[in-house]
Structure formats: structure tokens, C-alpha cells
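Engineer: Quick one: this structure, given as C-alpha cells, is what I'll be asking you about.
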Amino acid sequence: MITRKIWDVAVIGAGPAGATTSYCLSSDGFEVLLLDKDHFPRAKPCGGALSRKVKKFLPLEFDSVKGSKVFGAEFSFKGSDPFRIEVPDFIAKLVHREDFDKTLLDLSTGQGTNFMGGEKVVRIQRERNFMRLTTLKGTIYTARVVIGADGPRGLSARFLNPKHTVPMGIAIEEEVEIEGMKNLKLAYLDFGRFPWGYGWVFPKEGLSSVGCGAILRREKIPLKEEFERMKRGFDFLPGQVKGKRSWLLPYFGGFPYRRADDHLLLVGDAARFMDPFLGEGIYYAMASGTFAAETVKAAFERKVNIGKFYMSLVQKEIIEELKHAVRMAEFVYPRLQLGFHALRHSKKLGLLYVDVMSGILPYRKFNKGLFRTMKEVGKKKLTNFFPRGDKS
């Protein structure tokens, strides 16, 4: 069935990226169709950490978001040598994605977004100056612009990058009810078991998130087995828990990747906007969604080139920061034990690390402190890692 209506914008995927885009556009009077394969609320595997910098793009007061604030972290290396870094202000709020995503969706539909749940898009076509979306049910929708927010291997990402194959990361999570946890105001991070990644325990209201992730899989690793070993290192965790969930992590950097053309923009995970060092994705999802909405507005009002305008917006706020995060990941993860040792013995570095986690310190500034400290602790020259003349 072909619907007659031509939408200003059709958004594929109603997670934080798609819901933010829809909210911003509907608030400005655009006719927006939001499609998702699921009905909401729906379960979504994710650590669910909202860093403080999310405030910049959050369409509601941060304090009104339901979740648990953490004021630091306890670090360990394969369960050993634990130490804590605590700060007076919170570094993140830990949320349940089922609730958080539904809140964003409700805000969007409250502004006039037309949401269609249970509509999986299976085909994208160009039709002169329009885009046509065909769903699994056989319904065909037409829009002037499409926003792809359907994940790193979703249809919109494959439409712009049909031959793109790069390694992905992977994460595993369980939600468990924890009794007797030592400190509910700390996140627990364990390094060393997972190449290019870490394990975590994020205490939340109700069920807490226990998980691990390899942000970039450059080698085969027994992730499930290491995950169980990590869990045994935390005496406050229960034993076997049913309901492990896994998901792919889009790695940013080091390869060509199309994120925009004249009628289609990729946002969030579909654009591979995820921090390659910490694994944070929600902030970049909401930031890119906001920039996509600004792009559409400029295109309708001033006839700008949609692809070029969007890329100019995300370049400074997202891409440049993620490039520094890539450098950090490629420097630290091959030297995890040295990095942990440096973090454990340098209070200044520890506080800088927490500031990066909270989002108030950019990677460019953090890189300087980490490089100097690891060089001192390791008592070796690491300057060859950085190009000559680059002091970041």
C-alpha cells in the first residue's frame, strides 16, 4: 500500500538519536514520520550511562531524568589492586534504556511527531526529489528527507555504504538485583580481561547493569567466559543470572565512511558516532540528532546542500573529538597494564580521567596528561606514537 502523504522528514529508528531528531523537527513545525521495528517501551541492552555533557542536547531538565547518579569509580585490573577515585559532583547518571528511550519518544510525539511502532523498514529508494521507504508490512511512505537512526548495520547505513565491511566491537550485559553492594554511588570498572575494552558494574535503581565490552575486536576472545570470571571477582554479585544480552559496538575511525548525501543523513550508531575509548554513545546520538534537525531546517529555509551542511556541523562537535578518542584508544589499549598502573599512582591523572568520563574535559586536553604520566611511570620514551610536531 502506497500512502499518498509526502512527509517533510521520515526518521528510521526511535532510539535517542531518532527521537531527538524528531523532537527538534516537530518542535519547529515540520511534519515528521518516525518508524521503528519495535513497539515502545522495549528492552534495550546498554550500560545506560548519561555523562554530564548530555545536558547540552537533552530536551528536558537533567534532574528530571529517572536514574542513579554516581560520584566516581572503583578501578581494578583482572579483579586485583582495586582503588577508588571519588569526586564531589556526579560524573554520570545511570538510566534504564527502556524508560529513558520511552521518555524521549513521548516528548517527541508530544510535539507532533507521528510514531509508527512495529514498522520495520526493508527497502529505501530514491524517487527524483523524494525518498521512498517500504516496510515489512508492505506499506510505502514518501518523504523529502530521511534520517537513518537504525544502528551500525541498519538499512540506512548499508544504503550509503553498500560495500562497507569493518570490524565491530561487541558487548554483553545482564541486569541483576544486587544486595550488599559496597557503594551505590560508584561505578565499578575492571580492565585487563577484555582486549580493547573493559567490564563494568553500574548500580541503578531496581536492576543494575553488569557487563563487558570489546570496543574493537582485533582478535578472537572468549568474551562470555571472561565475563563470568569478572563477575566472580565482585563478591556482591549473584551467581548465574539468566538473560544475557549482546549487541554490536560501532568503531569510529581509520576508514572512509559516508554519513550523508542530498536526501539521507545518518545519526548516532548508524553514523558510527561512538566513543572508541569509553564506549559512550548516547551523547553522540543526541548531538548528531540535533545537528541533523538543524540541517533539515536550514535546507528547507535556505536551500543549503544537506550533506555538506550536516558534515560541517558534526565535524567540530563530534568528529574532531572522536579522532582524539581514537588516538587515546590506540595508545592505551595495547598498554592497558601500564595505563592502569599510571592511573593508580597519579591522583592528578585519575581526576582528569574522571573528568573525561563525565564529559567536562575534552580528549585533546586529557591526552597531554596521560601521555606524560605513562611516560614517567613506564620510564620509556613513547613519543614515537605521536606524529612529529603534535603535542596533543
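Engineer: Report, in degrees rounded to the nearest 10, the 0 to 90 angle that the Cα long axis of helix 347-358 makes with the longest principal axis of the chain.
Structural biologist: Helix 347-358 sits at roughly 20 degrees to that axis.
Engineer: Between 0 and 90 degrees, rounded to the nearest ten: what's the tilt of helix 363-378 against the longest Cα principal axis of the chain?
Structural biologist: 20
Engineer: Which distance in nm do the two modelled labels at Arg229 and His39 give, with both placed 7 Å along the Cα-to-Cβ direction?
Structural biologist: Label at Arg229, label at His39, 4.4 nm between them.
Engineer: With angles folded into 0 to 90 degrees, how steeply does helix 336-345 sit against the dominant principal axis of the chain? Use alpha carbons for both and round to 10.
Structural biologist: Taking Cα atoms only, the helix is inclined about 70 degrees.
Engineer: So how do 60-67, 253-260, 89-96, 170-177 stack up, highest first, on mean other-Cβ count within 10 Å?
Structural biologist: 89-96, 170-177, 253-260, 60-67
Engineer: I've got another one for you. How high is the relative contact order of the chain, in percent, counting Cα pairs under 8 Å that sit 6 or more residues apart?
Structural biologist: It comes to 19 percent, rounded to a whole number.
Engineer: Please go through the residue pairs Lys69/Lys120; Lys55/Lys185; Lys244/Lys348; Lys44/Lys224; Lys224/Lys316 and name each one whose alpha carbons sit more than 30 Å apart in this structure.
Structural biologist: Beyond 30 Å: Lys69/Lys120; Lys244/Lys348; Lys224/Lys316.
Engineer: Additional query: Counting other Cβ atoms within 10 Å of each Cβ, which trypsin sites (Lys or Arg not before Pro) in the range 108-155 have at most 15 and sit in a DSSP loop?
Structural biologist: Passing both the DSSP loop test and the Cβ count: Lys120, Arg128, Lys137, Arg153.
Engineer: Quick check: residue separation of Ser64 and Arg364 times 0.36 nm, minus the Cα distance between them. What number comes out in nm?
Structural biologist: 104.9 nm
Engineer: Under 1.5 on a/c is rounded, so check that first for the range 253-334, then, if it is not, pick prolate when a/b is larger than b/c and oblate when it is not; a ≥ b ≥ c are the square roots of the alpha carbon gyration tensor eigenvalues.
Structural biologist: On the way: a/c = 2.71, a/b = 2.26, b/c = 1.20.
In terms of gyration-tensor shape, prolate.
Engineer: Can you tell me the FRET efficiency between Arg158 and Ser80 if r is taken as the Cβ-Cβ distance and R0 is 51 Å, rounded to the nearest 0.05?
Structural biologist: 0.75
Engineer: Would you mind telling me the share, in percent, of accessible area of the chain contributed by carbon and sulfur at probe 1.4 angstrom?
Structural biologist: The C+S portion of the solvent-accessible surface of the chain is 49 percent.
The values are calculated or read from the model by the stated rules, or taken from the named source; none is laboratory data. Owing to the predicted nature of the structure, the values given are computational and were not obtained by experimental measurement. For neighbour counting, all protein chains shown are included, and Cβ atoms are generated from backbone atoms with ideal geometry for every residue, glycine included. For the accessible areas, the whole protein counts, side chains as well, though only heavy atoms, and no ligand, DNA or RNA atoms are used. Shrake-Rupley method; radii C 1.70, N 1.55, O 1.52, S 1.80 Å.
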